[in-house]
Amino acid sequence: MDLENQARIKKLTDEYGNEDFIVLLGGGEAEASGLAAETVATGDPTFAGPLSGVSLGLKAYHIFELKDKVPADVYEEQISMMEMVLNVDEIIEEVKTYRK
């Protein structure tokens, strides 16, 4: 997760709290998605960004996990193509790791 997005998330949680806040990810690789989920849950593991040492305790979900929450026509147009070329199960399992 880039430093700018870390700063945005930190600012939003500072302003609104983290009780009803989730992070929606869309990365195409399991490792990158997991790193982003870890960053918003327990802090930046690279110790390089605004969330370094900051445990927000946020839950992250990949868009693939929320398929049933997205209107079918929108999912079909915007996301479904990626389901065919990415390892969806691997991405979902990696992101879930940081919600346990």
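What follows is calculated from the coordinates using simple rules that are stated; it is not laboratory data. This is a predicted model, so every value here is computed, not measured. In this analysis, Cβ positions are derived from the backbone assuming ideal geometry, glycine residues included, and neighbour counts consider all displayed protein chains.
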Report, to the nearest 10°, how far helix 30-42 tilts away from the longest principal axis of the Cα atoms in the chain, using its own Cα long axis and a range of 0 to 90°.
40 degrees
As an exercise, identify the chymotrypsin sites (Phe, Trp or Tyr not before Pro) in the stretch 33-66 lying in DSSP coil whose Cβ has no more than 10 other Cβ atoms within 10 Å.
PHE47
Normalising by the residue count of the chain, find the relative contact order in percent from Cα pairs under 8 Å and 6+ residues apart.
33 percent
Using only the alpha-carbon atoms, how far is helix 88-97 inclined from the longest principal axis of the chain? Give it as 0 to 90 degrees, nearest 10.
30 degrees
